[in-house]
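Trainee: Could you have a look at this structure, given as structure tokens, before my questions?
The values are calculated or read from the model by the stated rules, or taken from the named source; none is laboratory data. In this text the structure is predicted, and so the values were computed from the model without any measurement. Cβ placement follows ideal geometry from the backbone for every residue including glycine, while neighbour counts extend to all protein chains displayed. Side chains included, ligands, DNA and RNA excluded: accessible areas come from the protein's heavy atoms. Shrake-Rupley method; radii C 1.70, N 1.55, O 1.52, S 1.80 Å.
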Amino acid sequence: MKGRFTPKVVTANDLRLGDVVYLTPDDRWSRLHHEAELIADEAVAQLRLHFAAAQKLTVVGAYLADAKAGPHGPEPVHFREAFRARGPSNYRHGKQADLT
């Protein structure tokens, strides 16, 4: 028997820049986790994942990641996804530099 479905976001890496990106409800790729589409239905999650995987000239490695609703949009549930959402850890560049 399958367990209850946990809400998900679709995440991947930008093919050209390597940045972590998230699929938004309007079919854009955003570098910001809180702009991602929070998907609460398993069938919809699979459809969105197939949509993302078909964008081979834009993103690579698309997958579903657990998430939860937060006050400003979806939030990561697991450490790995929180780490990916924050950006590079070796020095401030990419989305970390944009926050300063």
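Matching residues to (1) in a strand (DSSP E or B); (2) in contact with a Lys or Arg (Cβ under 9 Å, 6 or more places away or on another chain); (3) loosely packed, with under 12 Cβ neighbours inside 10 Å; (4) modelled with pLDDT of 95 or more:
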residue: 26; (1), (2), (3), (4): no, no, yes, yes
residue: 37; (1), (2), (3), (4): no, yes, no, yes
residue: 52; (1), (2), (3), (4): no, no, no, yes
residue: 82; (1), (2), (3), (4): no, no, no, no
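Trainee: Taking the residues in the range 54-70 that are of a type outside the set (D, E, K, R) and open to solvent by 70 Å² or more (accessible area, probe 1.4 Å) as candidates, determine which candidate is nearest to residue 11 (Cα to Cα).
Mentor: Filtering the range 54-70 for residues that are of a type outside the set (D, E, K, R) and open to solvent by 70 Å² or more (accessible area, probe 1.4 Å), the one nearest to residue 11 (Cα to Cα) comes out as 60.
Trainee: To continue, here is another question. Scan the range 25-35 and give yes if some residue there is free of Cβ contacts under 8 Å to residues at least 12 places away in the same chain and closer than 14 Å to residue 84 by Cα, otherwise no.
Mentor: Taking the range 25-35 and keeping what is free of Cβ contacts under 8 Å to residues at least 12 places away in the same chain, we get 26, 28, 30.
Adding the requirement that they be closer than 14 Å to residue 84 by Cα leaves 30.
Checked against the condition, which is being free of Cβ contacts under 8 Å to residues at least 12 places away in the same chain and closer than 14 Å to residue 84 by Cα, the range 25-35 yields at least one hit.
Trainee: Only one residue in 66, 19 is under 12 Å from the mean Cα position of the chain (by Cα) and modelled with pLDDT under 95. Which one?
Mentor: 19
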